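Taking it in order: structure first as C-alpha cells, then the write-up.
The values are calculated or read from the model by the stated rules, or taken from the named source; none is laboratory data. These figures come from a predicted structure and were not determined experimentally. Virtual Cβ from ideal backbone geometry, glycine too; neighbours counted across all protein chains shown. Areas reflect the complete protein model, heavy atoms only, side chains present, ligands, DNA and RNA absent. Shrake-Rupley method; radii C 1.70, N 1.55, O 1.52, S 1.80 Å.
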Amino acid sequence: MLKKYLYSVSIMLLLSISSYAQLSIRQVLINGKTYPYKKDSAIAILATDESLVIELTPVSGDSVRYLYRIPTLNEKWFWSNYPSIHYQNLSGGSYILQIKAEKHSRTIASIDVPVIKNQAFWQRWWFWPSIVIYILLIFGVGFYLFFIYDLRQKLKIQHVRNQIASDLHDEVGSNLNSIAIFVELLRKKVMIEKPELLPILDKITDNSEETVLLMRDTVWAINPENDSIEKLFERMRSFGVEILSAKGIAFQFESLLELKKDAFSMEQRRNVYLIFKEAINNISKHSFATQASCKVAGYQGIIKISIIDNGRGFNNNETFEGNGLKNFKRRSQEDDLRVYINSGLQKGTEILIEITV
C-alpha cells in the first residue's frame with residue numbers, strides 16, 4: 001500500500017516539474033529559407049515575407065500534441081500532432097506566439113516566442129489618408145484643368161461671335177445700305193424713262209429693308225453682350241410695344257421667371273425672338289385685334305411663352321401663302337423647342353412656345 005502511494009506521489013511530482021519545462025526550437029524557416037534564430041530572441045520578419053514555419057524539438061513520449069496561438073489575433077488554440085507551427089501572411093505588428101505541448105490534456109512543456117513583422121507601407125496609419133488626399137488632389141487638378149479648358153473655349157467662342165457680329169454689322173450692313181442708295185438713285189431715273197419698272201424697284205427696296213432688319217436681329221443674337229435673358233425679354237417687350245402701338249393695339253408683356261444669365265442658349269434666344277417677332281407682325285398685319293399680350297412662365301425645366309390676341313383668328317386647316325406659319329412649323333422641329341398654334345374664326349389666336357432648359 002505504501003509503495004503504491006509513493007508511486008502516485010512521484011508521478012504527480014514528475015508531471016508538476018514537467019509542466020514548467022520549456023520547449024526547444026530546432027529550426028525557423030521564413031519563406032522556406034532558414035532563419036538564424038537565437039534562443040530567447042524575437043523572430044524578425046520583413047513586410048514582404050509571407051510564410052513562417054517553426055520546427056520544435058519533439059517531446060519524448062506517446063500521445064503528445066502541440067498547441068499554439070497568438071492571443072492578439074485569435075484566442076483559439078490550434079493543434080498539431082507534429083512539432084511544427086505554420087503561419088501565413090501575418091499582418092505587420094509585434095506578437096507573442098504561445099506554444100505548448102500536451103499529454104493527456106496536461107501541459108508538459110511550453111514556450112513563448114516574440115514575433116515582430118515589419119508593417120508594409122499600405123498598413124501604416126498614414127497610407128489611406130494619403131490615398132484619399134491623392135485622389136482629391138487628382139480630382140482637384142482635373143477639375144481645374146477642365147475649368148481652364150472650358151473657360152478658354154468660351155472665350156474663344158465669344159471672340160468668334162464678336163468677330164461675326166462685327167463683320168455682319170460693318171460689311172454686310174454697309175453693302176445692304178449701298179444697295180438701298182443705288183436703288184433710290186435708279187428709281188429717280190426709272191420714274192422718267194421706264195415707270196413700269198417701279199414695282200420691281202419697290203420690291204428690291206422692301207427686300208433690302210427686310211434683310212437689314214433680319215441681319216440686325218442676327219447680330220443682336222450673336223453678340224455676347226446680349227446673352228442675358230433679361231435683355232431678350234426687354235427686346236421682345238420693346239418690339240411688341242413699338243409695332244402694335246402703331247396699329248392702336250394695346251400690348252401687355254408679363255414675365256413670371258427669375259432666370260440666370262445663361263438660361264437660354266444662343267440658338268434658343270434667336271429662335272424665340274424670331275418666332276415672337278413673326279407672331280407680333282402677324283397680329284399687326286392680319287388680326288384686326290384691339291388687345292394682345294405675351295406671358296412667360298415656367299415649371300419643371302420647361303419655359304412657356306404664350307402670345308395671345310383677341311383678333312378675328314383663322315382656320316388652322318386652311319393653307320396660307322405667307323411664310324409665317326411655315327417658319328413656326330420649321331422651328332417647332334428643334335429638339336428643345338416646340339411651337340403650337342391655337343386659333344379659330346372670331347376667337348383670336350394663341351402662339352405657344354415651349355422651350356426645354
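I'd like to know if the stretch 175-194 contains one or more residues that are basic (Lys, Arg) and at pLDDT below 70.
no
Across the stretch 77-100, what is the total count of residues that are surrounded by 13 or more Cβ atoms within 10 Å (Cβ to Cβ) and either among the basic types (Lys, Arg) or closer than 11 Å to residue 56 by Cα (or both)?
5
Report yes if some residue within the stretch 116-123 is open to solvent by less than 100 Å² (accessible area, probe 1.4 Å) and touching a helix residue (DSSP H, G or I) at 6+ places or on another chain (Cβ under 9 Å); otherwise report no.
Yes; the residues of the stretch 116-123 include at least one that is open to solvent by less than 100 Å² (accessible area, probe 1.4 Å) and touching a helix residue (DSSP H, G or I) at 6+ places or on another chain (Cβ under 9 Å).
Give the number of residues within the stretch 283-305 that are more than 47 Å from the chain's Cα centre (by Cα) and among the hydrophobic types (A, V, I, L, M, F, W, C).
Going through the stretch 283-305 one residue at a time, the tally reaches 2.
Name the single residue that is farthest from residue 158 (Cα to Cα) among those in the stretch 242-276 being at pLDDT 90 or above and buried (at least 16 other Cβ atoms within 10 Å of the Cβ).
Here the answer is 249.
Residues to consider are 326, 347; find the one that is charged (D, E, K, R), modelled with pLDDT under 90, exposed (fewer than 14 other Cβ atoms within 10 Å of the Cβ) and not in a loop (DSSP other than H, G, I, E, B).
326
Can you tell me which condition residue 55 does not meet? The list is (1) surrounded by 13 or more Cβ atoms within 10 Å (Cβ to Cβ); (2) out of contact with any Leu (no Cβ under 6 Å at 6 or more places or on another chain); (3) within 15 Å of residue 112 (Cβ to Cβ), and all the others hold.
Exception for residue 55: condition (3).
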